[in-house]
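Just below is one structure, and these are the notes that go with it.
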């Protein structure tokens, strides 16, 4: 029986084809490989591949060339993301200019026009997710001007403040009036950008209502927090913008993130905002709680009173709110509330027994044993700076599945050499059995190699039987002029040391140096038995690289024997698309502020 009839018989079952292609689309590269080797599959594979269109602005010109040559694929686009990849990283890490070149914006505009033309007969435009800098606002408005139909399904808008260019006037010799004029001009341009964004949001929401679409679901703003006398001192977002955002998205917004500039006053922002279906809030402000002598916490408390449906709540502020509210659906909680009385904090924890994730290590450390069962009884994820918090949780019967230790360096508090013999988990086997993810942010460690010999005992499945995801972050210092070693030299020994972690599926490693230049690394090396993916470097400090494990069967002439533990293979670089989660509405979930989403697997949601 020939192979071709077999292919056609397979294609005769649409459900089977869809299932296989959906599986292959996870890593993208397989869809392209399939379309290259089989003409019969090509049309199906490319349709699925084009369903998710991700446009980093630095690659807009290349994307346009591809879709000009293959315009038929654009009719398949259902989820579209446009992102300024220069502003996604920390400024000192990005080699790209935060301002998108004119020809790149021209390419983005052309792609949008092609998408609009290709989908003119479809009832619903693709869901669109946007991440751009403040300097991109007017170009964004212009790009959608000629294809306004696409505005109907913009579901996410993330704006990142881009530092204003330095005033070119010589501050030492210039007339004071000239400096004031230059500053005023920049401030006027800044206000004009936000006015343009306001009108854009009104247009988006109006079009969404007209077509019965979901409207704007996510709005995130990341303000710069650098105070520089040579830049605009007044970088606060106009208060009119917040009032207009609230009016436009009051019924649709579910996820709000504000990391404010030092002149964005929380007391001025929060009273202007009301969103009837808000579920996620991240708010980082310098001044909340410092308004007037007898009204501290008033504005943020009133804001929380208006939003009882919150499921995830993270607040960093000058002083915490009173937290006298009760949120029936709250599962994730983080706040700087060390100034609150212990009784108030315990009372809040008692009213929210369904919290699964928190950064509230102080309450766990200070809470008495008498109320231990009432302090986060269902906690699955704890972020802490002190190992004592995890030990206290285990002593009280806590069973954390996701442990996040931040900003800690051995040997104080955490010694990888004796990790499996002295740490709290050795004294609580049931707690060790519950751990599926371990994140160790060891930013004071410069040389992880000195701990490599301890990996086999520190992370062995005999000690942590269900560990499926591990993240190790350290800070290597490379002397100027010294080249970085290869992947084989840098992380090969670390992976070999982890072969005793038999359940490990995903490994994150970052020494905060440089990406690997090759697309295939660690060829014919030894890996943990269950390893599927390696993530190198961490966002948003650096751009992550993603690799998948591929088996390499040695030929009969190979002198290398099968390892006693682990498996032999190589790592192949793949697109970040494989770890991207897209909601049914079309919101691309990914890190926006630091540590919002680090892991690939979900370790806290109870499994049915």
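If you take the beta carbon distance between residue 38 and residue 486 as r and set R0 to 30 Å, what does 1/(1 + (r/R0)^6) give as a FRET efficiency, to the nearest 0.05? Calculated value: 0.25.
Taking the number of Cβ atoms within 10 Å of each Cβ as an exposure proxy, the fewest-first ranking of 390, 66 is 66, 390.
Estimated at 0.36 nm per residue, the fully extended path between residue 149 and residue 461 surpasses their Cα-Cα distance by 106.9 nm. Under the rule a/c < 1.5 gives rounded, and otherwise a/b versus b/c splits prolate from oblate, where does segment 380-608 land using the Cα gyration tensor? Since a/c stays below 1.5, the shape of segment 380-608 is classed as rounded. Neighbour counting of Cβ atoms within 10 Å sorts the residues 577, 423, fewest neighbours leading, into 577, 423. Maximal additional length on extending the residue 494-residue 316 stretch stands at 60.5 nm, based on 0.36 nm per residue less the C-alpha distance.
Taking the Cβ-Cβ separation of residue 602 and residue 575 as r and a Förster radius of 30 Å, what is the calculated FRET efficiency to the nearest 0.05? Computed FRET efficiency for residue 602 and residue 575 comes out at 0.90. Distance between the pseudo-spin-label points of residue 366 and residue 565 (7 Å out from Cα toward the beta carbon): 4.3 nm. Modelled spin-label separation between residue 212 and residue 106, with each label point placed 7 Å from Cα along the Cα-to-Cβ direction: 4.2 nm. Cβ-to-Cβ counts within 10 Å put 191, 217, 269, 604 in ascending order as 191, 604, 217, 269, the fewest first. Distance between the pseudo-spin-label points of residue 75 and residue 189 (7 Å out from Cα toward the beta carbon): 4.4 nm. The mean sequence distance of close C-alpha pairs (under 8 Å, at least 6 residues apart), as a share of the length of segment 380-608, puts its relative contact order at 15 percent. Multiplying the residue separation of residue 117 and residue 17 by 0.36 nm and removing their Cα-Cα distance gives an extension gain of 33.2 nm.
No value in this document is a laboratory result; all are computed from the given coordinates. Note that this is a predicted model, so its numbers are computed, not measured. Please note: Cβ atoms are built from the backbone with ideal geometry, for glycine as well, and neighbour counts cover all protein chains shown.
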